[in-house]
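Working notes, structure below.
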């Protein structure tokens, strides 16, 4: 199992986006994944996010991971 620990907010930098993107790719390849959202990254799991122009919707990425069987902890 691969563990991702995210600390940055959903739209402050691209770190959380890139971590989630990698986690999604691994989950898609049937590799077990778990994601820990810590500190500002907890905001990645907030429902009904208002996504800034030019950004991917982090909430959708989290939902996709959950649908794929990944464990996400906040």
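The values are calculated or read from the model by the stated rules, or taken from the named source; none is laboratory data. Note that the structure is predicted; figures quoted are calculated from it, not measured. Positions of Cβ are backbone-derived with ideal geometry, glycine not excepted, and every protein chain shown enters the neighbour counts.
Descriptive notes on the structure:
- Across segment 19-37, the number of residues qualifying as touching a residue at least 40 places away in the same chain (Cβ under 8 Å) and either touching a strand residue (DSSP E or B) at 6+ places or on another chain (Cβ under 6 Å) or surrounded by fewer than 18 Cβ atoms within 10 Å (Cβ to Cβ) (or both) comes to 4.
- Residue pairs whose Cβ atoms lie under 9 Å apart, sitting 6 or more positions apart in sequence or on different chains, and linking a residue in segment 38-55 that is without any contact (Cβ under 8 Å) to a residue 60 or more places away in the chain to a partner that is surrounded by fewer than 16 Cβ atoms within 10 Å (Cβ to Cβ) and part of a helix (DSSP H, G or I), are 41/15; 49/60; 51/60.
- Segment 1-18, subset in contact (Cβ under 8 Å) with a residue 12 or more places away in the chain and part of a loop (DSSP other than H, G, I, E, B), residue farthest from residue 59 (Cα to Cα): 1
- The set of residues in segment 32-71 that are in a loop (DSSP other than H, G, I, E, B), closer than 16 Å to residue 19 by Cβ and either modelled with pLDDT under 90 or under 10 Å from the mean Cα position of the chain (by Cα) (or both) comprises 55, 56, 57, 68.
- Flag for residue 55 being out of contact with any helix residue (DSSP H, G or I) (no Cβ under 8 Å at 6 or more places or on another chain) and surrounded by 12 or more Cβ atoms within 10 Å (Cβ to Cβ): no
- Considering (1) under 11 Å from the mean Cα position of the chain (by Cα); (2) loosely packed, with under 14 Cβ neighbours inside 10 Å, the lone condition that residue 16 does not fulfil carries the number (2).
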